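Values in this text are rule-based calculations from the coordinates and carry no lab data. Please read these numbers as outputs of a predicted model, since none were measured by experiment. Virtual Cβ from ideal backbone geometry, glycine too; neighbours counted across all protein chains shown.
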């Protein structure tokens, strides 16, 4: 099986903003979009790993793509949301939450609207970019969620959520301020 075939192609993409740039996930990888909710920090996790949320009784790790991409952390606004995506870790489907400044729209991209990922040289890592969508005079960066994070980071997220499942306090912090 060759994973390089059809990495990106025409189809539906969920677009979202991080700062002024527009990014996209292929819709089949997106499970849902949530309004921002309280995120419970997990000790000893990297800064981009914001913590975990309770999603209908399940624990989902949440990552801040801004921090992962070397951008400044953003203030939470009314537009801040968590995009729940599915990634394969060691052959197992795992849910991850990705913080976004704002979700824009679901758009249909034809193959002619998608360029291959840029090759910027050997010093800059761009393997996490599946392609560049061209819409009117703007580009959108199509992300490969399974390559945005290294296998070690994804495994770390999986273990962080598994460890948090044993905590009885996930989701209870919402009612503490009364």
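Restricting to the range 20-130, compute how many DSSP beta bridges are antiparallel as a %, nearest 5.
Working: 21 of 24 bridges.
Here the antiparallel bridges make up roughly 90 percent for the range 20-130.
When the chain is fully extended, how far beyond the present Cα-Cα distance does residue 106 get from residue 127, taking 0.36 nm per residue of separation? Don't skip to the end; give the middle numbers.
Working: separation 21, 0.36 × 21 = 7.56 nm, distance 2.34 nm.
The span from residue 106 to residue 127 would gain 5.2 nm if fully extended.
Between residue 75 and residue 119, what FRET efficiency comes out of the Förster formula 1/(1 + (r/R0)^6) with R0 = 30 Å and r the beta carbon distance, rounded to 0.05? Walk me through the numbers on the way to the answer.
Numbers: r = 34 Å, r/R0 = 1.15.
Rounded to the nearest 0.05, the efficiency is 0.30.
Normalised by the number of residues in the range 55-120, what is the relative contact order in percent for Cα pairs under 8 Å and 6+ residues apart?
Values: 65 pairs, mean separation 21.0, N = 66.
Relative contact order for the range 55-120 comes out at 32 percent.
Using only the C-alpha atoms of the range 28-75, find the volume of their convex hull and express it per residue in Å³. Mind showing how you got there, number by number?
Working: hull volume 5.1 nm³, N = 48.
Hull volume normalised by residue count: 107 Å³.
Using 1/(1 + (r/R0)^6) with R0 = 22 angstrom and r between the beta carbons of residue 35 and residue 139, what's the FRET efficiency to the nearest 0.05?
Numbers: r = 28 Å, r/R0 = 1.26.
Efficiency, from the Cβ-Cβ distance: 0.20.
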